[in-house]
Each structure stands twice: as structure tokens, then as C-alpha cells.
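One structure is given below, encoded as C-alpha cells.
The values are calculated or read from the model by the stated rules, or taken from the named source; none is laboratory data. Since the model is a prediction, treat every value here as computed from it, not as a measurement. Positions of Cβ are backbone-derived with ideal geometry, glycine not excepted, and every protein chain shown enters the neighbour counts. What goes into the accessible areas is simple: the full protein's heavy atoms, side chains included, and nothing from ligands, DNA or RNA. Shrake-Rupley method; radii C 1.70, N 1.55, O 1.52, S 1.80 Å.
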Protein chains: 2
Amino acid sequence: MTNLDIINAFGDAWASRDLERVMAFFAPGAVYHNIPMEPLTTDAAIRGFIGPFLGMSERIEFKVHHQVANGALVLNERTDYFDLKNGKKIEIRVMGIYELDGGRIVRWRDYFDMKELERQMA
Amino acid sequence: MTNLDIINAFGDAWASRDLERVMAFFAPGAVYHNIPMEPLTTDAAIRGFIGPFLGMSERIEFKVHHQVANGALVLNERTDYFDLKNGKKIEIRVMGIYELDGGRIVRWRDYFDMKELERQMA
């Protein structure tokens, strides 16, 4: 699998809403940073963020508009959809950058407008 | 010049704070979209946004951390610095995607957290 394939499979793992399947993509010591928030620097912190997001969603889709790999890096432009169990439909425009090592994610940074998320969560 | 070279030169044009030099990189009909704001879809709108930004700055730097090209597209991760004439120093974390045609920018989308900008402008 190329790094592009891996990031596509990572999106599929989110769509499955299976926390263990998602977590398996992270290398030990991985850092997941939603840029408007503090970086998540431990397995427990990443798990503690992603778990609730999966749990409150009944459908998740990372729709990739453009995606480019270069060496260890994958950069993409996406719209992320979260249809929540409470009926709200969240749609966030995102660019992400992933650094991989040995087929696993060591760094993931997502850039988006926090207000866009908050407006829809409110 | 490759598309990567052109986007680097575009950053240099911002650093020069010369509006005509910046505007020369846009193709006719270009769309410049700061994702948290409405897209700028005319030459006059783009000029009317960029001009004041250049005018109120005494130093501008687009510091590119990672940049990858693929066909017509360039994607990058940057920190943009604007040292304003009023003494404020603005620092914004950004990912951008540029679509080029014939060496000019036809689409530019920048992803960032509007609160990060507003906090520093306040």
C-alpha cells in the first residue's frame, strides 16, 4: 500500500466508526493536531477525542477533493461529514497533512475554521 | 518555471508588498477563497482585499513548511506573518491549495481558523 492508499483506508476506518480500526493507523507516539485546538500527544488523548466523535455519529464520511503524496507526506483537501445521532448534520471544510512512517501516521494536522464547526454543533 | 516555483514567487510578491506584483499572478476570472470568508470572484474584489492587507503591513512573510505539486495543483502548509504598521504582529497557521493554468493562479483556497486571526487583530 502506498501512503495515499493508507490515508484513503484511514478515511474508510472513520466511516466504519470502529475506534480500534481507526487507532490502528497511528504509530506509537503519534501527534494528532486539530490546529484550532491543542495537539493530542498521547494514545489516550487521541482515543479520548476520536472515540466520542465516532460514538455520537451515525454516519461519517471524509470526502476527499484533492490528495497529493510526496515522500512521507500526504496532503489533502476534504469535506468531512458527521451525521449525528441527535439529528444534526455537520459538514466541515478541511485541509489535512499526514506524516507517515512505516505505513502508520506519526503526525496529523487538520486546518479548519473552528467557528464553522461550532455554528453547526450549537 | 514549475508551478512550485510560481507559488514560491507568489509568496515573494506578497513579501514585496507590491500590489501589482501580487495581482499579476492571478489569471482573469480567478477565485480567491479564504475558507472562513466568502469567495472573492472578481479582480476588483481580490484587489480590494489584498491591497489593504499589503498597505497596513510593514513586513509580510509566507513561511512554507511543506509544499507539494501535482499537475495543475500546489498544496502547502505555511505560517503567514504580517507585522502591521500599528505594531501588532499577526501569525496565522494556514494550509493552502492553488490551481494554476498557464502559469497563473485560477483558484486559491486558504484554510485557517478565523478566531486565530481575530484574536490577534483585536
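The table that follows gives values for the structure above.
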item: Under Karplus coefficients 6.51, -1.76 and 1.60, residue-wise ³J(HN,Hα) of region B:52-59 in Hz, glycine/proline x; result: x, 4, 5, x, 8, 9, 10, 8
item: Region A:1-114 - share of DSSP beta bridges that are antiparallel (%, nearest 5); result: 85
item: Greater than 31 Å apart at Cα, pairs in A:K63/A:K115; A:K115/B:K89; A:K115/B:K88; A:K115/B:K63; B:K63/B:K115; A:K63/B:K89; result: A:K63/B:K89
item: Accessible area buried between chains B and A, both sides summed, probe 1.4 Å, in Å² to nearest 100; result: 2100
item: Rounded to the nearest 20 debye, dipole of chain A from Cβ charges on Lys, Arg, Asp, Glu; result: 220
item: Ratio of the Cα radius of gyration of region A:21-111 to 2.2 N^0.38 Å, where N counts its residues; result: 1.09
item: Alpha-carbon centroids, region B:48-83 and region B:91-122: separation in whole Å; result: 7
item: In sequence order, calculated HN-Hα J values of region B:8-15 (Karplus, 6.51, -1.76, 1.60; Hz; x Gly/Pro); result: 4, 5, 5, x, 5, 4, 4, 4
item: Label point distance in nm, B:K115-A:K85, each placed 7 Å from Cα along Cα→Cβ; result: 2.6
item: Accessible area per residue in Å² at 1.4 Å probe, computed on chain A; result: 46
item: Theoretical FRET efficiency, 1/(1+(r/R0)^6), r = Cβ-Cβ of A:M1 and A:R47, R0 22 Å, to 0.05; result: 0.40
item: Cα-only Debye scattering, the protein assembly as shown: base-10 log of I(q)/I(0) at q = 0.11, 0.12 Å⁻¹; result: -0.62, -0.73
item: Given charges at beta-carbon only (K, R positive; D, E negative), |dipole| of the protein assembly as shown in Debye; result: 360
item: 7 Å along Cα→Cβ, label-point gaps from B:L4 to other copies, nm, shortest first; result: 1.7
item: Interface residues in region B:87-116 - accessible area drops by 10 Å² or more relative to the isolated chain, probe 1.4 Å; result: B:R93, B:M95, B:I97, B:R109, B:Y111, B:F112, B:D113, B:M114, B:K115
item: Whole-percent carbon and sulfur share, accessible surface of chain B, 1.4 Å; result: 51
item: Length-normalised contact order for chain A - Cα pairs under 8 Å, 6+ apart - percent; result: 26
item: Sparse-neighbour loop sites [trypsin sites (Lys or Arg not before Pro); region A:72-114; at most 14 other C-beta within 10 Å; DSSP]; result: A:K85, A:K88
item: Nearest-first distances (nm) between copies at A:M56, label 7 Å from Cα via Cβ; result: 3.4
